[in-house]
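Chemist: Got a structure here, written out as structure tokens. Questions coming.
The values are calculated or read from the model by the stated rules, or taken from the named source; none is laboratory data. Everything numeric in this text was worked out from a predicted model, so none of it was measured. Cβ: placed from backbone, ideal geometry, glycine included. Neighbour counts: every protein chain shown. To get the accessible areas, we keep the full protein, side chains included, count just its heavy atoms, and leave off ligands, DNA and RNA. Shrake-Rupley method; radii C 1.70, N 1.55, O 1.52, S 1.80 Å.
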Amino acid sequence: MSRARKPDWLKSRPPSGQEFAGIRETLREHDLHTVCEEANCPNLGECWSGRSGPDGSDGRGGTATFMLMGDRCSRACNFCDVQTGGMGALDPDEPENVADAVAEIGLDYVVLTSVDRDDLPDQGAGHFAETIREIKARHPGILVEVLIPDFQGEPKLVRKIIDAEPDVIAHNVETVERLQFPVRDRRAGYEQSLSVLEQVERESDIYTKTSIMLGHGEYDHEVYQTLADLRERGVDIVTLGQYLRPSRDHLEVRRYDHPDKYETWRRVAEEELGFLYCASGPMVRSSYKAGELFVDAVLREGKSVAAARADARRTEPRQTES
Ligand code: SF4
């Protein structure tokens with residue numbers, strides 16, 4: 001299959017402004033990592049600068065997704081720009097440092113993720129849970145979304161996260177079943193990821209969320225099947241975004257789907273399959289603001305799903321046709 005040419009609609013805004021500088025300074029002060037930086041997220045400029053939506057309309061300050069347990073992962077997924085191997089010891093001050101940074105940045109919705117730590121006895125589940133608890137204790141009323149590893153599908157480790165009572169538990173299935181490897185590390189798996197999400201659904205009222213990258217050569221019927229399998233496991237929120245190649249050492253992009261195609265998937269996900277919310281667009285990433293606004297509107301403002309969707313939709317990136 002020939003290499004796909006990058007289309008014009010994939011534009012990202014360069015980082016700039018006081019908000020951006022302020023967040024970067026706070027992160028350095030507290031020796032914290034973000035997936036925004038480590039995975040070279042194209043939306044960093046927008047998120048950190050506090051601008052979102054076509055005219056920066058939501059008025060929310062800058063945000064960042066904290067990456068716990070260091071900047072080196074025990075796995076090597078072929079789409080991911082995070083460094084592999086050479087993991088260090090966990091920083092016992094990290095839960096407190098994150099809670100401090102949350103206060104300094106002034107976040108009312110915080111997203112936490114982490115590298116995978118297959119090298120640790122509990123794969124870092126205890127440390128992750130402690131960070132959630134520290135934030136919740138220090139910032140009553142804050143909403144906490146966590147994007148967790150699969151913990152090798154270990155129910156007792158997933159349970160540690162559930163017991164810390166975040167508001168949203170996300171775990172990314174990343175791609176369709178046929179392409180799990182080579183897209184993801186061999187220790188990841190389709191059924192394993194679905195079982196993590198299903199356990200959260202079964203054992204709690206916490207919202208579940210997942211993300212699918214398009215552009216690895218998946219067929220439409222496979223994307224549909226993945227969405228249907230996720231709904232069957234009770235998953236509430238799904239995001240779909242375009243895979244972008246971080247470097248020549250990573251998988252090639254097989255196809256760039258047009259924004260209209262993403263809109264079709266959004267309608268299928270919400271109107272046909274019944275996801276509470278779907279953010280779908282080339283620049284959409286799993287911890288992109290739109291999903292946050294939906295959850296915020298439902299949980300904090302008690303809005304209906306329809307009203308919350310409308311709120312969130314206003315902040316989604318608009319793909320400008322050149
Ligand atoms: S598990 Fe895979 S996707 Fe996640 S940080 Fe590690 S290499 Fe990246």
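Chemist: Could you check LEU179 against (1) away from the ligand (no atom under 16 Å from the Cβ); (2) buried (at least 16 other Cβ atoms within 10 Å of the Cβ) and say which number it fails?
Modeler: (1)
Chemist: Continuing with this model, one more query. Are there any pairs, at least 6 apart or on different chains, whose C-beta atoms fall under 6 Å, with the first in segment 112-123 and farther than 18 Å from VAL35 by Cβ and in contact (Cβ under 8 Å) with a residue 40 or more places away in the chain and the second more than 9 Å from the ligand (Cβ to nearest atom) and open to solvent by 40 Å² or more (accessible area, probe 1.4 Å), and if so, which?
Modeler: These pairs meet every condition: ASP119/MET87.
Chemist: So, in segment 231-290, exactly how many residues are in a loop (DSSP other than H, G, I, E, B) and either touching a helix residue (DSSP H, G or I) at 6+ places or on another chain (Cβ under 6 Å) or not polar (S, T, N, Q) (or both)?
Modeler: Final tally of qualifying residues: 29.
Chemist: In the list THR113, THR84, which residue meets the criterion of being within 16 Å of the ligand (Cβ to nearest atom) and surrounded by 21 or more Cβ atoms within 10 Å (Cβ to Cβ)?
Modeler: Values: THR84 fails: surrounded by 21 or more Cβ atoms within 10 Å (Cβ to Cβ).
Of THR113, THR84, the one residue that is within 16 Å of the ligand (Cβ to nearest atom) and surrounded by 21 or more Cβ atoms within 10 Å (Cβ to Cβ) is THR113.
Chemist: A further question on this structure: Could you check, for segment 47-65, whether at least one of its residues is touching a strand residue (DSSP E or B) at 6+ places or on another chain (Cβ under 6 Å), closer than 21 Å to LEU147 by Cα and at pLDDT 75 or above?
Modeler: First, the residues of segment 47-65 that are touching a strand residue (DSSP E or B) at 6+ places or on another chain (Cβ under 6 Å): 64-65.
This time we only want the ones that are closer than 21 Å to LEU147 by Cα, so: 64-65.
From what's left, at pLDDT 75 or above: 64-65.
Yes, because at least one residue in segment 47-65 is touching a strand residue (DSSP E or B) at 6+ places or on another chain (Cβ under 6 Å), closer than 21 Å to LEU147 by Cα and at pLDDT 75 or above.
Chemist: Does any residue in segment 20-43 that is under 10 Å from THR65 (Cα atoms) come within less than 8 Å, Cβ to Cβ, of a residue that is open to solvent by 40 Å² or more (accessible area, probe 1.4 Å) and among the acidic types (Asp, Glu) six or more places away or on a different chain, and which pairs are these?
Modeler: HIS33/ASP71
Chemist: Among the numbered criteria (1) away from the ligand (no atom under 16 Å from the Cβ); (2) among the basic types (Lys, Arg); (3) in a loop (DSSP other than H, G, I, E, B), which one does ARG133 miss?
Modeler: The failed condition is (3).
Chemist: Within segment 182-207, how many residues turn out to be in contact with a strand residue (DSSP E or B) (Cβ under 7 Å, 6 or more places away or on another chain), open to solvent by less than 50 Å² (accessible area, probe 1.4 Å), assigned to a helix (DSSP H, G or I) and more than 12 Å from the ligand (Cβ to nearest atom)?
Modeler: We begin by selecting, within segment 182-207, every residue in contact with a strand residue (DSSP E or B) (Cβ under 7 Å, 6 or more places away or on another chain); these are 183-184, 197, 200-201, 206-207.
Okay, now just the ones that are also open to solvent by less than 50 Å² (accessible area, probe 1.4 Å), so 183-184, 197, 200, 206-207.
This time we only want the ones that are assigned to a helix (DSSP H, G or I), so: 183, 197, 200.
Narrowing the set further to residues that are more than 12 Å from the ligand (Cβ to nearest atom) leaves 197, 200.
Residues in segment 182-207 being in contact with a strand residue (DSSP E or B) (Cβ under 7 Å, 6 or more places away or on another chain), open to solvent by less than 50 Å² (accessible area, probe 1.4 Å), assigned to a helix (DSSP H, G or I) and more than 12 Å from the ligand (Cβ to nearest atom): 2 in total.
Chemist: Within segment 272-281, can one find any residue that is open to solvent by 40 Å² or more (accessible area, probe 1.4 Å), aromatic (Phe, Trp, Tyr) and more than 24 Å from GLN192 (Cβ to Cβ)? Give the derivation first.
Modeler: Pass one, segment 272-281, residues open to solvent by 40 Å² or more (accessible area, probe 1.4 Å): 272, 276.
Then keep just the ones that are aromatic (Phe, Trp, Tyr); that gives none.
Within segment 272-281, none of the residues are open to solvent by 40 Å² or more (accessible area, probe 1.4 Å), aromatic (Phe, Trp, Tyr) and more than 24 Å from GLN192 (Cβ to Cβ).
Chemist: Same structure again: Report whether or not GLN242 is touching a residue at least 60 places away in the same chain (Cβ under 8 Å) and of a type in the set (S, T, N, Q). First the steps, then the outcome.
Modeler: On the way: touching a residue at least 60 places away in the same chain (Cβ under 8 Å): yes; of a type in the set (S, T, N, Q): yes.
Yes; evaluated as a whole, the condition is true for this residue.
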